[in-house]
């Protein structure tokens, strides 16, 4: 989905691994893991950020460009430092305070320009902006340094090395060194990397867990996710150069199965993934990709069985439930429609902003000739997408034929009221 210019994607394997990394850190910070939401952003750069509401956004590039789980965990510990330190709400306050000198200078500049001193007035306006920016940057640099220190504290509390965080900032420092321009410490809202590294190294080196390494199992899990994300998002030739057919490792075969599916060379894709399923028949993600390949071959009837195995092996997987439901509905078999709807209900109860899931839900109800619920599902789809006029319209259509007072009728009413209000605000 696309939200506020950020492309959010869903992948059970990556999201569940990130959550497994983050939950111990979150608990060490005294936070409730149930309140945490982790989003995967389709962006190849190394970046993550926290947002109000205990939300952490992680770029796919973190797995694609880094080498070890401990590096990713170091980034998550830093972002947890922002949440635990209350930096997200304080940032708004800092922006407000930083605006004061800008407003004062604007007033003085306007007075000067009215009085005929145009150059002086423009200078005062620019000075106010510079002072405001400098104040906010200084505040932000302090927050970043604090988040580093808190993150290291959480890593120590969970008996993990802080070296991963240090190594990530080493990468950033190398990028800064390659920059063609001089970086002004007052013109950046993050501490300069070399200063940051020196401070982080001191803290990390004092930890009794400094030399703790990632387990072989954790490293393998990381390597598989890396291969998967590269297979799905990198250019085809780049993937095949990185994972050539001569490489028979599991990550390489995983990446090739996915990139052949994209190419498309579905025969090769099926050969690669079936070799992995043979090695690990109880791996839900291998079964999931096998099902995806059959669906791409326009053989959803063959895709249902491996996708059902995947869901049975990983009941908490929401993305694969949606894919299973889509395959079931693509068979055009009414006897599979209710099973598809049940899978979609489970998925949307966890991830209610999945537009594709709501679209499939509407298809399922249409297959069962249940027009009111098809309309309600379409209303949910538009509501999740932020298309409020259409959400209100379909909610009204659904409500007319739903039994008054039922949960579905009430949900249609809620969407209609909120969506109508939001539509007016947008206008």
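Quick notes
- Under conditions of 20 °C and 1.002 mPa s, region 191-331 yields 127 µm² s⁻¹ as its translational diffusion coefficient, taking Rh as the Kirkwood radius over Cα pairs in the Stokes-Einstein equation.
- If you wrap the tightest convex hull around every Cα atom of region 370-427 and split its volume per residue, you get 58 Å³.
- Added length on full extension, which subtracts the Cα-Cα distance from 0.36 nm per residue, residue 351 to residue 236: 38.4 nm
- Region 298-370 and region 376-392 have Cα centres lying 20 Å from one another.
- Rounded, prolate or oblate (a/c below 1.5 giving rounded, otherwise prolate when a/b exceeds b/c) for region 242-309 by Cα gyration tensor: oblate
- Anisotropy class of region 309-427 from Cα gyration tensor, a/c 1.5 cut: prolate
Taken together, the values in this text are just the output of simple stated rules run on the coordinates, not laboratory data. Here the structure is a predicted model, which means the values were calculated and not measured.
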